[in-house]
Structure formats: structure tokens, C-alpha cells
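K.L.:
The structure that follows is given in the form of C-alpha cells.
The values are calculated or read from the model by the stated rules, or taken from the named source; none is laboratory data. Note that the coordinates shown come from a computational prediction; the quantities given were computed from them, not determined experimentally. In this analysis, Cβ positions are derived from the backbone assuming ideal geometry, glycine residues included, and neighbour counts consider all displayed protein chains.
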Amino acid sequence: MWAGVLLLGGCVEEPVPVEVAPQALDGASLEAVTRQLTDLGARMVATPAEEEAVARVEALFEEAGLVDVRREGFEWDAWLPGAARIEVDGEAFAALPLSPTPFTDGLTAPLVLEGADPDGAIAVVTDEGTSRGVQALGTVTAGGLGMIRVTEARGTEGELLTEVGHTFVGLSLVSLAVDAQVGEALRQRIGQPATLYADTEVVEGHTSYNLLGEVLGTGSGRVYVVAHYDSWDPSESAADNAVGVAAMVLMARRLADGPPPVPTVVFLATGAEEQGLQGALAYTDAHPAESGSLEMVLNLDVMWASEGSFLVMGSRPEWVGLALDLADQEGLEAIGAGEPTPSSDNFAFQIAGSPAFWAGRFGYREYHTAGDTVDRLDFEDAAKALRVQWGVLADAVGVVR
């Protein structure tokens, strides 16, 4: 299991400087910076890789020419996954815990299918349609003792995938994830008693960090560009969200090297987004007045992925319209999708009172799985999406695209 020890002030490998042309918003530059994070592997909270990611992003901000580069720490009870399994009918099946599943040394109850009454039972649900949070809350509300979520999709090479993720802050429900093969085996054992095991850990009072840097404006107002650097444990999490952080770094470099914007632009790399938007919520809680009075929050979460629809969401229709026009110029098929959804860092700023813009490629099979690797990304296409984001930001802050 994860040790749950963060090596603060320890021996963290020095980041390797990235050679990037000052104005570059191209695929090669985007890939080079993305690999600065994916080379660290999984950037799970409360592990040494989390601190390495903080140091890496901090160095990238400084190399980009941002001013007042700084860390802001926040304390929270971090959750760490460990080994998990399901035993039924004399057989053991591999599983992965969903956050924030508590440590469980054997929870036994009968299996029931999704849609049946889960009272006193363990619900076997699918990942198609409803979110894991809604499923977990529904299971608890109906008296369910546990939940097993089946990842129905397979990877691009036909490999089995298991999607992990967060359910709901403060929820004490044993929730495990399994692949389609295990899911089929469990469905054949509906009605039989199953035993769930999860070797998870809560690191109380853990300190994670948000990182900030600025490009000073010539006038009033502030715009934030936000991307989270943390990930889940199975993989290097390239699309979610190393490429988003890389896009933020390249946008920061271009803005810092050009004529100054009118509003000050703050680049914010958040920690612990994957476990309930912890970093963004901590930041808006610490800075309520500023967080609620921004001209725009541009969120770079899953800015591009290996497949899916490129959805454009904005609090203001003119932002969506501009992004759709820019996507058309880049040869990308984009879909206007209304107001940004509450499933990423933009939500913390929206509830504080600021408008948000979020465009990304969603509906890809490797989401939150071991398949979210850098080799699956087409960086030339990703750079097109990056230039769409840059165009929206440039228009909002009064600089040439």
C-alpha cells in the first residue's frame, strides 16, 4: 500500500529545464512540457511524487517568466488507496478502491444488481450513464452497505480497463471498481454473499500545495488560468491532467514574453483536485473577495485526450462563440455545451461568484485508468486545442492572438 509520507524538504530531483521557443504553441513544445509531469509517473496526493510535481511546476512557472511565483499550502485529510479485492463463491477478484472508501477488513453482504433495492446489500453498478458520486449517494440513501462499479469499456487495443475516481466528500461507503471481465463474473453471482476488502488509509492533516505565478497587467481586474497537477494512482495521467498543466505553462510563457495584458493574469496550478476539488476550494476559501470578482476563470482540465468530443463551455455566450470560431479555424470539430459543469476547479470559483470558461475533450475510454498515457496523445491535435484556449484568453485580456 502507499506509505502516506510526504517528503517535504527532502531530496527531490531537480527539474530538467525545458527548451521552448518563447511564442511556441505547437505540438512539440506541448509534448516536451507534458512529459515533465508524466515522467514522474502517478502524482497521487500524500506521496513523494506529489512533492516532486510541486517542485516541477514551480520551476516551470519560473522558467516561463511569471512573477511572484509562490506556494500556498492547505491542510486536509488526504485519502490513499491500497490493495482491494472481492471474494465470492470461493473465488477472489481484483479490484481498486474508489475515494474515500474506508479501510475494510471484510465486509460481507449479498450482491444485488443496479436498480434493485440495495438495502443491506452490495450494489453492482455500471459506469455507463450516471456518475459514481450519484450512484454512491443513492446506494447509501437506500441502505446499501457497499458498491462495486464496473468499467464496461476496453482500451484502444482491447485491453481491460478499471476506472478509479472520487465519489463524494465525507461519504463512508465501501466502493470498489472492477473491469468488465470481473463485472460479468459478479453478475453471474447475484444474490450470493460477497466479501469486500480495501487496505486504504487517511493521512490526517496532510499539507498539499497550490502554486501561483502572475503576469502583471497595465489596468484593473484579474483573470485566472487554472489546471490541476495531481492524478490518480494507476497511471501517469497524461490527459488528466499533465497536458492541461503543460498548456498553462506555454500560455504563461507566451503572455509573459509579449506586450502586457490589461488585467493581471494569475496562473494557478491546484493540488488535490481529484479528491473533491480540495485545492481550488481551499484557495477560494482563503481568498473569497478576489475569487468572487474575477473577469474570467479559464480551466485547463482534460484540455485534450486521445478520443472524445471537444466540448466548449462558458458562463458567457461570446466566449463559447469565439472558441467555436477558433476551433473551426484550427480544423477541430467543437460542440457548444453551455455553462461549465461542476466537476472541476472552475466550480469553486463559480460558486464564489466568478464566470468561467472550460473547453476540453471528453468521453475517452482511458479516463482515470492505467491507459491514460502520454503515448496515446496526438500532440499536434492537442496544440490546436491549446491555440483555441489561447485565443479565448488573449481576447479576454486584450493582447494579440
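K.L.:
Select the strands (runs of 3 or more DSSP E) contained entirely in segment 164-235, then report the ones holding at least 1 residues which are within 14 Å of residue 96 (Cα to Cα). Explain how you work it out, then say what you get.
P.N.:
Details: elements: 174-179, 193-198, 201-215, 222-228.
Where strands (runs of 3 or more DSSP E) fall fully within segment 164-235 and carry at least 1 residues being within 14 Å of residue 96 (Cα to Cα), they are 174-179, 193-198, 201-215.
K.L.:
A further question follows. If the requirement is being more than 25 Å from residue 379 (Cβ to Cβ), in a loop (DSSP other than H, G, I, E, B), modelled with pLDDT of 95 or more and not small (Gly, Ala, Ser), which of these qualifies: 5, 45?
P.N.:
Details: 5 fails: modelled with pLDDT of 95 or more.
Going through 5, 45 in turn, just one is more than 25 Å from residue 379 (Cβ to Cβ), in a loop (DSSP other than H, G, I, E, B), modelled with pLDDT of 95 or more and not small (Gly, Ala, Ser): 45.
K.L.:
Kindly establish whether residue 98 is buried (at least 22 other Cβ atoms within 10 Å of the Cβ), at pLDDT 95 or above and out of contact with any helix residue (DSSP H, G or I) (no Cβ under 6 Å at 6 or more places or on another chain).
P.N.:
Working: buried (at least 22 other Cβ atoms within 10 Å of the Cβ): yes; at pLDDT 95 or above: yes; out of contact with any helix residue (DSSP H, G or I) (no Cβ under 6 Å at 6 or more places or on another chain): yes.
Yes.
K.L.:
From the set of residues in segment 101-134 that are at pLDDT 95 or above and at positive phi, which is surrounded by the most Cβ atoms within 10 Å (Cβ to Cβ)?
P.N.:
120
K.L.:
I'm checking my understanding of the structure. Among residues of segment 65-87 that are buried (at least 22 other Cβ atoms within 10 Å of the Cβ) and over 23 Å from the mean Cα position of the chain (by Cα), which one is farthest from residue 170 (Cα to Cα)?
P.N.:
The residue in question is 66.
K.L.:
Given the conditions (1) free of Cβ contacts under 8 Å to residues at least 60 places away in the same chain; (2) assigned by TED's automatic domain parsing to the domain that holds residue 117; (3) among the hydroxyl-bearing types (Ser, Thr, Tyr), which single one is not true for residue 172?
P.N.:
(1)
K.L.:
I would also like to ask the following. Which condition number in (1) surrounded by 16 or more Cβ atoms within 10 Å (Cβ to Cβ); (2) more than 14 Å from the chain's Cα centre (by Cα) is the one that residue 276 fails?
P.N.:
All conditions are met except number (2).
K.L.:
Tell me, which residue of segment 165-209 that is of a type in the set (Asp, Glu) and surrounded by fewer than 20 Cβ atoms within 10 Å (Cβ to Cβ) is farthest from the chain's Cα centre (by Cα)? Reasoning before the result, please.
P.N.:
Our first condition is that a residue be of a type in the set (Asp, Glu); within segment 165-209, this holds for 179, 184, 199, 201, 204.
Add one more test, that the residue is surrounded by fewer than 20 Cβ atoms within 10 Å (Cβ to Cβ), and what stays is 184, 199, 201, 204.
Details: 184: 29, 199: 23, 201: 21, 204: 22 Å.
Only one residue fits best here, namely 184.
K.L.:
So, in segment 303-312, of the ones that are buried (at least 22 other Cβ atoms within 10 Å of the Cβ) and in contact with a strand residue (DSSP E or B) (Cβ under 7 Å, 6 or more places away or on another chain), which residue ends up farthest from residue 393 (Cα to Cα)?
P.N.:
Checked segment 303-312; the qualifying residue farthest from residue 393 (Cα to Cα) is 305.
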